[in-house]
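Reading through the structure tokens given below for one structure.
What follows draws every value from the coordinates through simple rules; no lab data is involved. Please read these numbers as outputs of a predicted model, since none were measured by experiment. Note that we place each Cβ from the backbone using ideal geometry, even for glycine, and neighbour counts take in every protein chain shown.
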Amino acid sequence: MKKHYRKIIYILFLSLILVSCSSKTESVKTEEIKSVEEVELESVERIENVKITVTGDIMYHPGTFNSNINEETGKYDFRFFYNDMEKYIQAADLMIGNYETTSTPTRELSDYPMFNTPENSIEDLKNAGFDILTTANNHCLDSKVQGVKDTIDALDKYGIKHTGTWKDGEKDYLIEEVNGIKIGVLAYTERFNGLEVILADNEKGMVSPLDETQIEKDIKELKDKNVDIILVFPHWGEEYMEMPTEKQKELGHKMLNWGADMVLGSHPHVVQPVEKVEVDGKDKYIVYSLGNSISGQRKEFLGIEGVEVGLFVEMEFTKDFKKDTTEIKNINFVPTYVRDDRSSGKIQYKTQAMVDYLEGGSLRETVSSGELNKILNLRTKVINVLEAMEYDSGL
């Protein structure tokens, strides 16, 4: 009887081995078929596009707060900031701006020179259509280390991607994929308003200084990760200067040569020129300063012309998957104006496209003749600035 059982067990054991081998063989065949399919897909013509729109400094001065309270929530209301830019924002696959403030409940709300903004400002930016906010700027430490952490928590809470500061001090590369195209976003700041001294040695990795060695390393890291488009956002230059410094120009060209596709600067609070540069047969661009996207800065307060002006830069990239090449297909510059709108009985600062104030534009009849002249003169001025380095903006 025991021999009979042994024989049965032996037959079952052999059967299990045969089933296992058959399964493994089938698995190998499946993998081989999948591999062949992948090879065939790679050989098929495939072209994809992605549209990325960027804007400059998003700041919360007293003029952006005023007495605007959302009656339903009891919170400050920032929903109107970008209502008039909706068509530009919604047309983008990715909408990116620079969040030049902090958001922490551990401090009272504050404006210049130590910004702290309620977190629903981030919620309102998300609802307006922003996908990514950079946080590397000279105000990122205004609420100290806790402020860096709380700001990141608020961005995460409302589903906005971010880069430029990190909670744990470990750089986490921001790579977004749209239509199979990988976009890498890097952000750095030249200044911290002297607050970098508060960082302990184990906290220095929480911020992103404008360090050439690190920038070159980061660009090459993204290249190694097979990123198709690299956007670099340096917070640099001199405030209120319409022309870039020699340092900006030198570093901007270096970043393109290292592998960046677009350099998109901020901090001067006025628009600076655009430079088109050919690198290895590809067109690349440096926007030295995008100006103010939204802020409370105005000529009547500062005596400085152009602080109400910014840019929306619309970029369309195309990728040829068969050739594994990506290049910029179209680029469009939309000069913007921050309007002090009091038509509702409240003071509301709104970012608006200057083109809407031209003859036949939707906003032309909504302002006085004096403000219309100011806007049109500023539009002429910003076009001249954009083209100051022999680049034809087409405006």
Rel. contact order, % - alpha carbon contacts under 8 angstrom, at least six apart, the chain: 17 percent
Measure of compaction for region 218-259 (Cα Rg per 2.2 N^0.38 Å): 1.38
Between region 180-241 and region 331-393, what is the separation of their alpha carbon centroids in Å? 31 Å
Order these peptides, 285-297, 48-60, by their mean beta-carbon neighbour count within 10 angstrom, highest first. 285-297, 48-60
Within region 279-323, the residues whose backbone N lies under 14 Å from a label point placed 7 Å from the Cα of Asn332 along the Cα-to-Cβ direction are 312-317
Under 5 Å from the placed amide H of Lys182, counting only residues 5+ away or on other chains, we find Asp228, Ile229
Whole angstrom only: what separates the Cα centroid of region 47-67 from the Cα centroid of region 105-175? 14 Å
Return the FRET efficiency for the residue pair Lys204, Glu359: r is the Cβ-Cβ distance, R0 is 41 Å, and the value is rounded to the nearest 0.05. 0.15
Please compute P(r) over all alpha-carbon pairs of region 204-353, binned at 10 Å starting from zero, and give each bin as a whole-number percent. 10, 34, 31, 17, 6, 1
Output wanted: per-residue J couplings in Hz (rounded whole) for region 102-111, from phi through Karplus 6.51 cos²θ - 1.76 cosθ + 1.60, θ = phi - 60°, x for Gly and Pro. 10, 9, 9, x, 7, 10, 5, 4, 8, 10
Ordered by packing density, taken as the mean number of other Cβ atoms within 10 Å over each peptide's residues, highest first, how do 252-259, 217-224, 118-125 rank? 118-125, 252-259, 217-224
Assigning unit charges at the beta carbon (Lys, Arg +1; Asp, Glu -1) and nothing else, what dipole magnitude in debye, to the nearest 20, does the chain show about its Cα centre? 1560 debye
Debye sum, Cα scatterers, region 257-321, no solvent: what log₁₀ I/I(0) at q = 0.19 1/Å? -0.77
For a Förster distance of 35 Å, can you work out the FRET efficiency between the beta-carbons of Glu177 and Phe301, rounded to the nearest 0.05? 0.25
Give, to the nearest whole percent, the P(r) tail of region 48-386 beyond 35 angstrom, counting all Cα pairs. 18 percent
Here the tail fraction of P(r) beyond 16 Å, over all Cα-Cα pairs of region 63-128, rounds in percent to 53 percent
Starting from the Cα of Glu238, move 7 Å in the Cα-to-Cβ direction to define the label point; list residues of region 253-287 whose amide nitrogen is under 20 Å from there. 253, 265-275, 287
For Glu221 and Lys282, calculate 0.36 nm times their separation in residues minus their Cα-Cα distance, and state this gained length in nm to one decimal. 19.9 nm
